[in-house]
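Following: one structure in structure tokens, then a few remarks.
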Amino acid sequence: MESKPRLLTVLDVVTVILLLVATYMVFFYAPQEAVMGDVQRVFYFHVAAGWVGMLGFIGAAVAGIIYLIRKDRKWDIIGLAAVEIGIVFIFINIVTGAIWARPIWNTWWTWDPRLTTATVMLLIYIAYLLLRQGIEDPDRRARFGAVYAIIGSLSVPLTYFSARLFRTIHPIVIAGGDPSVTGAFDMTPLMLQTFMFSLLTFTFVFIDLLWHRIRLGRQADEVEQLRLKTIQ
Amino acid sequence: MHFLQYFQEGPADTTNFMIAGYIIIFGVMLIYLFSLLVRQRNLQKDMEVLEEIQSEEE
């Protein structure tokens, strides 16, 4: 395997530092929400995780388009990496949402449009991983992955806008929304700073993880090529 | 704003839920990092075995 680039090591360190600072801000810098109490602090990383998930799925669609144009398997590796990271973070987003919902909505789960579309989106991409595994020919698998990621990405705007398009109990914190919704809150300047910093931090987490996952994907590709050569 | 505010004085005691949320966030991220490490090690081993087989064949 190729040696680890110096820039990746720097990115690792910067990401860990940002994550530590963001965690400090969440617990000690941002004030406690007046009604919901400490559980509202889940909000900062809950939304940031959703942001990373959506970045991953949109990134996979972009990689899919480029793959279909250039037929370079590098873009399939990037797409797969982005989907995998997207799944991990949307999972975090959904589970932390349920934990936040329990004391505020008095239920772990409700089939609200936002929760439902997010879950469907997660399932679509889990199916992407499962279906890929069933295709042995690397080129066919890459073509399938590209088309699937492009079509699957339609679930991203649907999930994002579901809370705006449909009647929902999910609060819309960014760009307004109904203040009477259960769980809605006004962000103070310190909350807003913590929130923006969390988004920045998780963007770094995404880039860092993506780079690592792409390197792993390249290594897996090398092993697969070697295996095919050995069999022949 | 939401129903809690009509029945309580001061913020609700929801610290345990916050702790559970952050355990999930950091726990899942650590598990994913660990899975990347394990997969990388396994691929490294596979690579060594395949290279050995190839060199034996040659």
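The values are calculated or read from the model by the stated rules, or taken from the named source; none is laboratory data. Worth saying up front: this structure is predicted, and the values here are computed from it rather than measured. Positions of Cβ are generated from backbone atoms using ideal geometry, with glycine treated the same way; all protein chains shown enter the neighbour counts.
State all residues of the range B:10-21 that are more than 7 Å from chain A (Cβ to nearest Cβ) and either within 14 Å of residue A:26 (Cα to Cα) or among the hydrophobic types (A, V, I, L, M, F, W, C) (or both); if no residue qualifies, say none. The one that is more than 7 Å from chain A (Cβ to nearest Cβ) and either within 14 Å of residue A:26 (Cα to Cα) or among the hydrophobic types (A, V, I, L, M, F, W, C) (or both): B:19. Those residues that are assigned to a helix (DSSP H, G or I) and either basic (Lys, Arg) or touching a Cys at 6+ places or on another chain (Cβ under 6 Å) (or both), I need them from the range A:151-174; list them, please. If the condition is that a residue be assigned to a helix (DSSP H, G or I) and either basic (Lys, Arg) or touching a Cys at 6+ places or on another chain (Cβ under 6 Å) (or both), then A:164 is the only one that fits.
Which one of B:20, B:12 is at pLDDT 95 or above, under 27 Å from residue A:187 (Cα atoms), among the aliphatic types (A, V, I, L, M) and surrounded by 13 or more Cβ atoms within 10 Å (Cβ to Cβ)?
Numbers: B:12 fails: at pLDDT 95 or above.
When all the criteria are applied, what remains is B:20.
On the basis of being touching a Pro at 6+ places or on another chain (Cβ under 7 Å) and in a helix (DSSP H, G or I), does residue A:39 make the cut?
Values: touching a Pro at 6+ places or on another chain (Cβ under 7 Å): yes; in a helix (DSSP H, G or I): yes.
Criteria met by residue A:39.
Taking the condition within 9 Å of chain A (Cβ to nearest Cβ), within 30 Å of residue A:46 (Cα to Cα) and modelled with pLDDT of 95 or more, does residue B:33 pass? Yes; evaluated as a whole, the condition is true for this residue. With respect to the conditions (1) farther than 30 Å from residue A:146 by Cα; (2) in a helix (DSSP H, G or I), residue A:75 falls short on a single one, namely (1). The residues on offer are A:134, A:86, and the sole one that is buried (at least 22 other Cβ atoms within 10 Å of the Cβ) and free of Cβ contacts under 8 Å to residues at least 40 places away in the same chain is A:86. Name the single residue, out of those in the range A:200-216 being more than 10 Å from chain B (Cβ to nearest Cβ) and within 25 Å of residue A:135 (Cβ to Cβ), that is surrounded by the fewest Cβ atoms within 10 Å (Cβ to Cβ). Of everything passing the filter in the range A:200-216, A:214 is surrounded by the fewest Cβ atoms within 10 Å (Cβ to Cβ).
Only one of (1) of a type outside the set (A, V, I, L, M); (2) surrounded by fewer than 20 Cβ atoms within 10 Å (Cβ to Cβ); (3) at pLDDT 95 or above is not met by residue A:128, so which one is it? Condition (2) is where residue A:128 drops out.
Looking at the range A:199-232 only, could you name the residues that are among the basic types (Lys, Arg) and closer than 20 Å to residue A:80 by Cβ? Before the answer, list the steps.
Quick first cut of the range A:199-232, residues among the basic types (Lys, Arg) only: A:213, A:215, A:218, A:227, A:229.
If the condition is that a residue be among the basic types (Lys, Arg) and closer than 20 Å to residue A:80 by Cβ, then A:213, A:215, A:218, A:227 are the ones that fit.
Of all the residues in the range A:4-36, those that are of a type in the set (A, V, I, L, M), within 13 Å of chain B (Cβ to nearest Cβ) and farther than 18 Å from residue A:201 by Cβ number 3.
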